[in-house]
Amino acid sequence: MTIPTLLWDICFYAFCGIIAIQLFYYLYFFQRLAFFKVPDRTANMEHPVSVVICARDEAHNLVKTLPGVLVQQYRTTHEVVLVNDNSTDDTKYLVDEFKKMFKNINYIELTQEAKMISGKKFPLSMGIKSAKHEILLLTDADCVPASEYWIQRMQECYNEGTEIVLGYGAYHKKPGLLNKLIRFETFHTAIQYLSYALAGIPYMGVGRNLSYKKDVFLRNKGFSSINQIPSGDDDLFINQVARKDNTTICIDQEAHTLSEPKTRWSDWMTQKYRHYTTSNYYKSNHKVLLGLYSFSLFWLYPLLAVSIIFYNWWMALAVFGVRFLIQAVVLYKSMKKLNEKDLWPWFLFFDIWMFFYFIFTVPAIWKAPRKNWD
């Protein structure tokens, strides 16, 4: 056996190993979301809810999104805690107008910057501490509920022992390739954190649509252990406090939130760099699981190409075909659940594109976090 032949053999066996890793993630983790059925409720209780929103110079967003939060169909006591974090725009006057029509707005105005606490953590902490109710429902100023039953559906997921509910924060569907790429990346992240939670390994949530009990926040001394990190008020906090027995998910389409996607590639990449800087602070087991999946996805198509060209094309395609069929079923059912089914015909293209996406975003893991918040 010559050295080149041995090399191509090794590449093919490495490709088979990568496929095996991918099948493990699809069959052990991701299928949990694809075939998830909402468990029967043991009680039909409605909890008082405090919706918490932080805003800095977000008047242009609040005028469009706040009405969707304020007109929720929820009969039980609820409030909207709006924290105005040193805004220099018309946020205060806008909220004053809303307060004339909606009496359940709990308005907090911050006029000084918090020293030694970067990012959104200080205003969010102030909003949580000012909340009147135990159930907190968090979203961003640029997010609007997908339905008027958002509060209802999210709080329905609280059963005995539940302290954290992970929701899905989607993006508006618009024409163009960038919109599809943004929405697929968002879905791709969601299928991971939602499936991991179903497997008893919750590791993150998204601040666009997240709920937890006020006691969880106070009991863990809020964000005190991560105050030095600009971001992470959602994923790092959940990474620290979520457990198998206190975390559940809510994927009801009426419980989604919708945000405006970026319209320029550079803006989106800047946003993703900022988000990925927090991954270094995840628990070790989470980093291993996430890293192994990303590693296998990154090497999948280079090894497939090498195996087709230099080893045996039909064997390589046969091995890839097994993963392709399982992936097609799992993604279809998962996308259908998360109302992203229009992305399914593109899934192979997106799967290949993830190789280039990793090239663009991996450097962010080693970058120092920026000091601003979004």
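The values are calculated or read from the model by the stated rules, or taken from the named source; none is laboratory data. If you're wondering where the values come from, they're calculated on a predicted model, not measured in any experiment. Methodologically, a virtual Cβ is constructed for each residue, glycine included, from the backbone with ideal geometry; neighbour enumeration extends over all protein chains shown. Each accessible area value is taken on the protein alone, full model and side chains, heavy atoms only, with ligands, DNA and RNA left out. Shrake-Rupley method; radii C 1.70, N 1.55, O 1.52, S 1.80 Å.
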Counting only residues 5 or more apart in sequence or on a different chain, those whose built amide H sits under 5 Å from that of Tyr107 are Leu82
If I model a spin label at Glu160 and Gln73 as a point 7 Å from the Cα along the Cα→Cβ vector, what separation in nanometres do I get? 3.1 nm
When the chain is modelled as a GNM with alpha-carbon springs shorter than 10 Å, which of Leu194, Leu178, Leu325 fluctuates the most? Leu325
Cα extents of the stretch 168-217 along the principal axes, largest first, in whole Å, come to 43, 23, 10
Angle check, please: helix 284-310 long axis (alpha carbons) against the longest principal axis of the chain (alpha carbons), in degrees 0 to 90, nearest 10. 40 degrees
Starting at the first residue of the stretch 27-37, write each ³J(HN,Hα) from the Karplus equation 6.51 cos²θ - 1.76 cosθ + 1.60 with θ = phi - 60°, in whole Hz, x for Gly and Pro. 8, 9, 9, 5, 5, 5, 6, 4, 10, 5, 10
For the chain, percent of DSSP beta bridges that are antiparallel (nearest 5) comes out at 30 percent
With every protein chain present, what accessible area does Phe349 have (1.4 Å probe, heavy atoms only), rounded to the nearest 10 Å²? 90 Å²
Where does helix 121-130 land angle-wise versus the long Cα axis of the chain, in degrees 0 to 90, nearest 10? 50 degrees
Between 0 and 90°, nearest 10: helix 347-361 axis offset from the chain longest Cα axis: 80 degrees
Of the residues Thr278, Thr270, Thr162, which exhibits the maximal mean-square fluctuation in a Gaussian network model of the chain defined by a 10 Å Cα contact cut-off? Thr270
Using 0.36 nm per residue, how much length does the chain from Phe24 to Lys173 gain when fully extended, once their Cα-Cα distance is taken away? 50.5 nm
With 20 Å as the limit, write out which pairs from Lys64/Lys99; Lys92/Lys262; Lys37/Lys244 have Cα-Cα distances beyond it, or answer none. Lys92/Lys262
Once amide hydrogens are built 1.01 Å from N within the peptide plane, the residues lying 5 or more places from Leu166 or on another chain with amide H under 5 Å from its amide H are Thr248, Ile249, Cys250
I need the fraction of alpha carbon pairs in the chain separated by more than 37 Å, rounded to a whole percent. 23 percent
Scaled to the compact-protein estimate 2.2 N^0.38 Å, what is the alpha-carbon radius of gyration of the stretch 173-285, rounded to two decimal places? 1.13
Between Phe355 and Arg243, how many nm apart are label points set 7 Å from Cα along the C-beta direction? 4.3 nm
Backbone HN-Hα couplings from phi across the stretch 178-190 [Karplus 6.51/-1.76/1.60, Hz, Gly and Pro as x]: 4, 4, 5, 5, 4, 5, 5, 4, 5, 4, 4, 5, 5
